[in-house]
2 protein chains.
Amino acid sequence: MPEIVYLNGFFLTKNKALISPDDRGFNFADGVYEVIRYYKGQPFLFDEHIRRLERSLNAVKIVFNDTHELQNIFNRLILENRLNNLYAGIYLQITRGSAKRTHHFPKENLQCTIYATAFEKKPMLKQLKTGIKVISRPDIRWLRCDIKSIALLPNTLIFQEAVEHGADECILIRQGNITEGTHSNAFAVKNNKVYTHPDGNLILSGITRIAVRKICSELNIELIEEPVKQHEIHNYSEFFLTGTGNEIMPVVQIDNYIFGNGIPGKITREIQRAFFKHTYEQLAGEIIGI
Amino acid sequence: MPEIVYLNGFFLTKNKALISPDDRGFNFADGVYEVIRYYKGQPFLFDEHIRRLERSLNAVKIVFNDTHELQNIFNRLILENRLNNLYAGIYLQITRGSAKRTHHFPKENLQCTIYATAFEKKPMLKQLKTGIKVISRPDIRWLRCDIKSIALLPNTLIFQEAVEHGADECILIRQGNITEGTHSNAFAVKNNKVYTHPDGNLILSGITRIAVRKICSELNIELIEEPVKQHEIHNYSEFFLTGTGNEIMPVVQIDNYIFGNGIPGKITREIQRAFFKHTYEQLAGEIIGI
């Protein structure tokens, strides 16, 4: 079955979806995106994704007022691609549109380019169970990491290093602090308290991070928004990443440092269990065996 | 006459040139570019542009071995668009190619996307004569500004601020130092000596900057590669920007500070004259009257 995608008002087979090389998304990374998880047809924290999208659009001054129409588009993509009974995701990208190349915004009112795809996204069962290994690298990204922009070259280059080192993600270090991963937020646990980098311009505030905040509150786990210093990482007993793709992903090793005995920690498991209860309707507990 | 562009081996009218929305240039800003000036059919410092392109490709690990074929492509674009007797420019963009979206590089060997256009680019006579006004903003870009990547969203957003403030460019300030403009290199003059930010990861080493280095050497003007501190700008008598589009552009005002009496300085004029002797075959001196 050919993949159906959405582009500027039309549902098309992917090979028919084409854009101009003058699209500012292509020339200037002048656009933003979202990835939304769909659990058997149900979007996860949809409104939170839309609110973040609106913040990103606003930050880069792209005028797009039709966010209320997106849910219908996504639902149809899920259906047309027969993903409504599966674990899936939606990718959405909005750029300023296509115009003669100028560094400043084009003077005329452009039509935004809206591109969306749907794809199967199975839970990463093995990794969710055993935890993953990550490396660390300097956080060389710009100072507006809070914008979910498509200017992802830095993330791509750094994540590629992780892959080449046999690691599953790379955590980023700015002025000695762990900010986040290349496409995930980072959390560390010490004395049963969870620490994560505060919101602001240095991290992309994740939607799964919002879910973790809520879960911690429900479970009476203290969540402290303070940066974790890389050189103090041995004071922490657990580490995990969150993200739309990663969900709640235990980290058992950063570079050469192994947490505890190399298996996911107690607090991480508690948060995983609570998360999967919401998302996989209690099935995941059995599947993953956590 | 319809514009002819080059895309992946073909010369096409622009409206026929189309790319996949899965191009990594569109999803990840995973590509690099060059803009080369053509003065009546003659490229300016062509080899230097190609060497920089190769450095950029290497830095982002895009494998493209056909740089030797680019000159023929550019020449044909200049001819087909009837620009060979005009002042023109070539835009070249190379991305990693099109693939299913993954943060890491795709495992299969991709065909790079090669896109090139030709356009008329008249000298900015008025501004070259009277000088321009610029604003300053924090340099929020990533820490690999030496790569000429298409991840230009920061440059775009900052330059747009300049335009909205009625300025012609924005100079960027990192830790108190002037690094460069959003699409130009910056130079200041004090006691007949020229100062500019040193090469390294904080600036894009411009091709016109290379020309300035050569001209300074020929004119026995000392060129010192040291950062200019923003708060010491009043100690400098002249300021100018360089770039493929700007050429040698006098700056007469930064924010509220006006240099000298608000007209381009003596050293700037000397460098302009020498530059235009190379590029406009002594015509520009008459045209611009400098």
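The values are calculated or read from the model by the stated rules, or taken from the named source; none is laboratory data. As the structure is a computational prediction, the values presented were derived from the model and not from experiment. Note: ideal-geometry Cβ built from the backbone for every residue, glycine included; neighbour counts use all protein chains shown. These area figures cover heavy atoms from the full protein model, side chains too; ligands, DNA and RNA do not enter into them. Shrake-Rupley method; radii C 1.70, N 1.55, O 1.52, S 1.80 Å.
List of remarks:
- Tally of residues being within 7 Å of another protein chain (Cβ to nearest Cβ) and hydroxyl-bearing (S, T, Y) across region B:1-58: 1
- Checking each residue in region B:132-148 for being within 12 Å of chain A (Cβ to nearest Cβ) and either acidic (D, E) or out of contact with any Leu (no Cβ under 9 Å at 6 or more places or on another chain) (or both) picks out B:D139, B:D146.
- Yes/no for B:A188 being within 14 Å of chain A (Cβ to nearest Cβ), aliphatic (A, V, I, L, M) and on the phi < 0 side of the Ramachandran plot: no
- Test: A:L153 is within 23 Å of A:S56 (Cβ to Cβ), open to solvent by less than 40 Å² (accessible area, probe 1.4 Å) and in contact with a strand residue (DSSP E or B) (Cβ under 8 Å, 6 or more places away or on another chain): yes
- Here B:V63 meets each of (1) facing chain A (nearest Cβ under 10 Å); (2) open to solvent by 60 Å² or more (accessible area, probe 1.4 Å); (3) among the β-branched types (V, I, T) with one exception, condition (1).
- Within the set B:I135, B:I73, the sole residue that is surrounded by 15 or more Cβ atoms within 10 Å (Cβ to Cβ) and either part of a strand (DSSP E or B) or among the acidic types (D, E) (or both) turns out to be B:I135.
- Just so you know, in region A:161-185 the residues that are touching a Gly at 6+ places or on another chain (Cβ under 6 Å) and away from chain B (no Cβ under 12 Å) include one that is surrounded by the most Cβ atoms within 10 Å (Cβ to Cβ), and it is A:I171.
- Filtering A:K121, A:K100, A:K129 for residues that are within 14 Å of another protein chain (Cβ to nearest Cβ), touching a residue at least 60 places away in the same chain (Cβ under 8 Å) and surrounded by fewer than 18 Cβ atoms within 10 Å (Cβ to Cβ) leaves a single hit, A:K100.
- Of the criteria (1) open to solvent by 10 Å² or more (accessible area, probe 1.4 Å); (2) touching a residue at least 60 places away in the same chain (Cβ under 8 Å); (3) among the aliphatic types (A, V, I, L, M), which one B:V32 fails: (1)
- Check on B:R52, open to solvent by 30 Å² or more (accessible area, probe 1.4 Å) and either of a type outside the set (V, I, T) or over 22 Å from B:A151 (Cα atoms) (or both): no
- Taking the criterion of being of a type in the set (G, A, S) and either part of a strand (DSSP E or B) or over 18 Å from the mean Cα position of the chain (by Cα) (or both), the residues of region B:30-61 that qualify are B:G31, B:G41, B:A59.
- Restricting attention to region B:186-201 and to residues that are out of contact with any strand residue (DSSP E or B) (no Cβ under 6 Å at 6 or more places or on another chain) and of a type in the set (S, T, N, Q), the residue that is surrounded by the most Cβ atoms within 10 Å (Cβ to Cβ) turns out to be B:N192.
- Taking the criterion of being in a strand (DSSP E or B) and either of a type outside the set (G, A, S) or within 12 Å of another protein chain (Cβ to nearest Cβ) (or both), the residues of region A:76-97 that qualify are A:Y87, A:G89, A:I90, A:Y91, A:L92, A:Q93, A:I94, A:T95.
- Residue pairs whose Cβ atoms lie under 7 Å apart, separated by 6 or more positions or on different chains, with the first residue in region B:149-160 and at the interface with chain A (Cβ under 7 Å from one of its Cβ atoms) and the second among the basic types (K, R) and in a loop (DSSP other than H, G, I, E, B), are B:P154/B:R141.
- Annotation for region B:156-173: no member residue is touching a Lys or Arg at 6+ places or on another chain (Cβ under 9 Å), of a type in the set (A, V, I, L, M, F, W, C), in a loop (DSSP other than H, G, I, E, B) and more than 21 Å from B:H231 (Cβ to Cβ).
- Of all residues making up region B:8-29, the number that are buried (at least 19 other Cβ atoms within 10 Å of the Cβ) and among the aliphatic types (A, V, I, L, M): 3
- Here B:K126 meets each of (1) in a helix (DSSP H, G or I); (2) modelled with pLDDT of 95 or more with one exception, condition (2).
- Any hit, region B:93-101, residues being hydroxyl-bearing (S, T, Y), farther than 22 Å from A:K100 by Cα, over 16 Å from the mean Cα position of the chain (by Cα) and at pLDDT 95 or above: yes
- Qualifying positions in region B:234-251 - under 13 Å from B:A188 (Cβ atoms) and open to solvent by less than 20 Å² (accessible area, probe 1.4 Å): B:Y236, B:E238, B:F239, B:F240, B:L241, B:T242, B:P250, B:V251
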